[in-house]
1. For LEU46, indicate whether it is part of a helix (DSSP H, G or I) and modelled with pLDDT of 95 or more.
2. Looking at the range 32-51, which of its residues are loosely packed, with under 10 Cβ neighbours inside 10 Å, within 10 Å of the chain's Cα centre (by Cα) and of a type outside the set (A, V, I, L, M, F, W, C)?
3. Looking at SER61, SER6, SER26, which is the one that is open to solvent by less than 100 Å² (accessible area, probe 1.4 Å), at pLDDT below 85 and hydroxyl-bearing (Ser, Thr, Tyr)?
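The values are calculated or read from the model by the stated rules, or taken from the named source; none is laboratory data. Keep in mind the model is a prediction, meaning the values are calculated, not measured. All Cβ positions, glycine included, derive from the backbone under ideal geometry; neighbour counts span all protein chains shown. Each accessible area value is taken on the protein alone, full model and side chains, heavy atoms only, with ligands, DNA and RNA left out. Shrake-Rupley method; radii C 1.70, N 1.55, O 1.52, S 1.80 Å.
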Amino acid sequence: MQNIRSLFIALAGVTVFAAMALFTVSLTLAVGGILTVLMVARAISLRMKPAPVRAKAKTNSQREMRIWNDGRGTIIDL
């Protein structure tokens, strides 16, 4: 009778250990999957952001810089 009880307790311990290990592995995979989805979504959203457009001055006529004061401050027209 003592042997059967010891065997049952050992099997229960192994079962609890296996369940905890399985829970830990599944939790690790779930967190890894969530982080992967977030990283992919961030990379896609950064790639879809439009590139800034730079305005260029007309090169047909070379204008000189104009500076004047309108009473509220100096204005510099490039």
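1. Spelling it out, it is not the case that LEU46 is part of a helix (DSSP H, G or I) and modelled with pLDDT of 95 or more.
2. If the condition is that a residue be loosely packed, with under 10 Cβ neighbours inside 10 Å, within 10 Å of the chain's Cα centre (by Cα) and of a type outside the set (A, V, I, L, M, F, W, C), then SER45 is the only one that fits.
3. SER61
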